[in-house]
Amino acid sequence: MSPFALMVVSTVIGAVGVVLMVSGWMQPAPSLSRTIEHLRRPGSTSAESAAPPGANRLLDPVVRVVSNQPRLRPRSTELELAGRTVEQHALYMVVAALLGLVIPPVVLGALQAADLISLQAYVPVIAALGAAVLGPVIVHTTLVEQADETRVDLRYQVSAYLDVVTMLLAGNTGYEAALEQAAYAGDGRLFLELRRRMRESGARGSSMTDALKRTGADLGLDELEQVAATAELSAAEGAPVARTLAAKCATLRSALATEQESEARLRTSRLTTPIVGMALIFMALVMYPALNFS
């Protein structure tokens, strides 16, 4: 490389370095409100993105209709548990309605064109209208069922979290330290949300019980709200918080265990009818040849 080319390359690199240094030095420090908003951003289990910007205008009427209809409007906790926004839910309902309008006429028309069935002209129309109404209902029902399954799984995680809290309190750990350390004992959704809320509470100067209360309110978990309320009440009244919190955790763990046992017994009892039916069918298959022979 010639000396002139080397000088040009060195000058360009030096100029770029100076520009980067000056721009970095002039970059303003992030404000406290911006940092708090960054900490309060949705977790990885929530909806990552809403509907595309261009679709917002088209979805606004649907969102208003869904918001005004109690039967089609999911609760905020259900949307949070399912990881959806209202816009995404409305988009799924619109897509389900359009698919219901299109798929039945196409399938019936293809079958009729293949001479497999013979239908009147109004049958595909009725099928399309029925599927267009049934599609959004299925989407809403699926969302509610998914939220219920997620809530059940979170309650199991609450039981594990309370177990860890109780063990830490038995080891003479402070109640706030026990609540915070127990949040790092698992990798489930509840533990992720608790860690995020606790980091946010630490940045805001709030207590760990405030993080528990907000997590329980967002996810619809009454057990966490009860633990937080017990800790706050004990601290306000001057009672030993660790002892009161340990007793409350033991009570909630017992209640959760009892509820899980009742659910297991209920599921077991539901197997009685199929088992009896299978036994009767087996007996009929065994007895039928003998009866037919006679």
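Considering 212, 168, the condition of being crowded, with 16+ Cβ neighbours inside 10 Å, outside the structural domain of residue 80 (by TED's automatic domain parsing), under 30 Å from residue 74 (Cα atoms) and not aromatic (Phe, Trp, Tyr) is satisfied by 212 alone.
Scan segment 183-231 for residues that are in contact (Cβ under 8 Å) with a residue 40 or more places away in the chain and either assigned to a helix (DSSP H, G or I) or among the acidic types (Asp, Glu) (or both) and the total you get is 14. Considering segment 78-122, the residues that are polar (S, T, N, Q) and under 29 Å from residue 190 (Cβ atoms) include one that is surrounded by the most Cβ atoms within 10 Å (Cβ to Cβ), namely 85. Selection of first residues in segment 112-133 that are over 25 Å from residue 93 (Cα atoms) and of second residues that are surrounded by fewer than 12 Cβ atoms within 10 Å (Cβ to Cβ), restricted to Cβ pairs under 7 Å at least 6 apart or on distinct chains, gives the following pairs, ordered by first then second residue: 112/118.
Tell me, which residue of segment 165-182 that is touching a residue at least 60 places away in the same chain (Cβ under 8 Å) and among the small types (Gly, Ala, Ser) is nearest to residue 213 (Cα to Cα)? Among those that are touching a residue at least 60 places away in the same chain (Cβ under 8 Å) and among the small types (Gly, Ala, Ser), it is 178.
Scanning for something surrounded by fewer than 20 Cβ atoms within 10 Å (Cβ to Cβ) and closer than 24 Å to residue 76 by Cβ, does segment 235-251 turn up at least one residue? So far as segment 235-251 goes, no, none of its residues is surrounded by fewer than 20 Cβ atoms within 10 Å (Cβ to Cβ) and closer than 24 Å to residue 76 by Cβ.
Each row is one residue, and each column tells you yes or no for (1) assigned by TED's automatic domain parsing to the domain that holds residue 78; (2) farther than 27 Å from residue 83 by Cα; (3) at pLDDT 85 or above.
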position	(1), (2), (3)
189	no, no, yes
204	no, no, no
228	no, no, no
232	no, yes, no
242	no, yes, no
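Residues of segment 56-91 that are at pLDDT below 65, polar (S, T, N, Q) and not in a helix (DSSP H, G or I): 69 alone.
The values are calculated or read from the model by the stated rules, or taken from the named source; none is laboratory data. The structure presented is a predicted model; accordingly, all values stated were derived computationally and were not measured. Every residue, glycine among them, receives a Cβ derived from its backbone with ideal geometry; neighbour counts consider all protein chains shown.
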